[in-house]
Amino acid sequence: MKKRRSRIRLICMTAMILVMMFAMSVHVSAAATPKLNYYQKSIYLGKTLQLEATGGTVQSWTSSDSSIVSVNSHGVVTGHKIGTAKIYAKFSTKTLNCTVNVRPVNKSKYISNSQMKVMLNVLGAVETGGQVYGQRDYADFTSPYTNSGAEYSCTAGAYQEYGENLRQLLLKIQKEYPLTFKKYDTAGIAADLQKNWYYNPYTVRKGSAKANAIVKIISSPSGKLVQDYRAMELIDEYLGHAKGLGITNVRAALFAAECEHQGGYSAMKRIVQRASNKNSISSLYTSLTKDDPNSNQIGALKYRTRHRLCRDWIAEHISKTAKLK
């Protein structure tokens with residue numbers, strides 16, 4: 001009987017030892033898996049980012065484009081030029097990479113950071129924020145023809161990117177945050193981006209699998225960041241158009257930019273050229289109200305509240321004498 005108990009005790013102890021050895025091997029194996037602290041990250045021009053590795057020793061750090069971002073032997077990344085590049089960390093068993101986006105400290109050529117923030121608050125409010133200054137809905141998705149018979153492509157995002165502009169927004173997210181895009185693209189959006197949506201209107205409906213995938217992509221933290229960045233790009237483009245038409249006052253230029261965002265360049269140009277004083281926001285608003293009130297023009301009655309709020313918010317937050325750069 002004693003021998004049998006000893007044998008059982010030995011078997012139990014052996015089993016416990018084996019279990020402990022297996023657990024330790026799993027822990028060691030997991031701990032030895034090379035990892036980076038970031039796989040996609042944005043930094044401002046001239047700023048640095050510290051990449052760190054665990055589970056292994058980095059043998060070398062390299063950049064896919066050192067003119068955009070460089071990296072030293074300690075994994076410190078420096079942004080040199082606006083753009084996107086990859087930083088590679090070579091381990092003994094594998095090579096990992098981090099996509100780094102370099103952004104300008106001040107995006108606009110024409111206005112200050114604080115003035116740009118005002119414009120984002122204005123544009124987001126009238127597009128998707130329920131006409132509440134500073135609010136916006138990054139997850140908004142609007143089906144074709146919802147707003148008007150002329151909008152034959154879908155629109156999405158806090159700033160209502162329409163058609164080809166929406167495709168450009170998604171392409172930017174795909175390029176700058178490939179892991180985020182791949183994670184949420186469960187409906188083949190990447191393949192759809194191969195076609196120009198200006199010539200091939202994107203007519204997916206709200207609630208569809210494709211629409212839901214787009215919403216997840218654009219409303220992710222990375223998607224929100226790119227939406228704001230993309231909106232700043234468009235605003236600066238509009239401001240350039242306004243300046244080209246002779247506008248030098250910031251208030252007037254921002255109001256003209258809001259008009260172009262809604263109705264396009266030709267509509268904005270019509271408003272500006274018809275105004276008695278193109279550098280007066282009040283004069284521009286008066287010019288806008290001369291559009292056919294019952295039409296689908298940007299000055300129609302159904303859009304008047306939108307433009308009046310934009311005029312008032314811009315006047316409230318921007319100095320009357322502020323000039324474009």
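The values are calculated or read from the model by the stated rules, or taken from the named source; none is laboratory data. No experiment lies behind these values; they were computed from the predicted model shown. Glycine also receives a Cβ, built like all others from the backbone with ideal geometry; neighbour counts cover every protein chain displayed. SASA here: full protein model, heavy atoms, side chains in, ligands and nucleic acids out. Shrake-Rupley method; radii C 1.70, N 1.55, O 1.52, S 1.80 Å.
Can you tell me which of 240-246, 226-232 comes out highest on packing, and rank the rest after it, using the mean Cβ neighbours within 10 Å?
Final packing ranking: 226-232, 240-246.
Rank TYR88, LEU166, VAL126 by how far each Cα sits towards the positive end of the charge dipole of the range 88-170 (+1 on Lys, Arg Cβ; -1 on Asp, Glu Cβ) and give me just the farthest.
Of TYR88, LEU166, VAL126, it is TYR88.
State whether the range 170-325 is rounded, prolate or oblate according to the following rule on the C-alpha gyration tensor (a ≥ b ≥ c being the square roots of its eigenvalues): a/c under 1.5 gives rounded; otherwise a/b larger than b/c gives prolate, and the remaining case gives oblate.
Here the range 170-325 falls in the prolate category.
If R0 is 56 Å, what FRET efficiency do you get for ALA322 and THR54 from their C-beta distance, rounded to 0.05?
0.70
Listed here are the pairs LYS175/LYS243; LYS35/LYS94; LYS107/LYS323; LYS35/LYS216; LYS35/LYS86; which of them are more than 19 Å apart at the Cα?
Table pairs above 19 Å Cα-Cα are LYS175/LYS243; LYS35/LYS216.
Over all distinct alpha-carbon pairs, what is the Kirkwood Rh of the range 216-292 in angstrom?
13.0 Å
Might you tell me the accessible area per residue for the range 162-246, computed with a 1.4 Å probe and given in Å²?
47 Å²
Please grab the % of Cα pairs in the chain that end up more than 38 Å from each other.
33 percent
Give the distance, in whole Å, between the Cα centre of the range 168-199 and the Cα centre of the range 241-267.
Result: 30 Å between the Cα centres.
In terms of modelled amide H atoms, which long-range or inter-chain residues lie less than 5 Å from the amide H of LYS47?
Excluding prolines and chain starts, which carry no amide H, the hits are GLY79.
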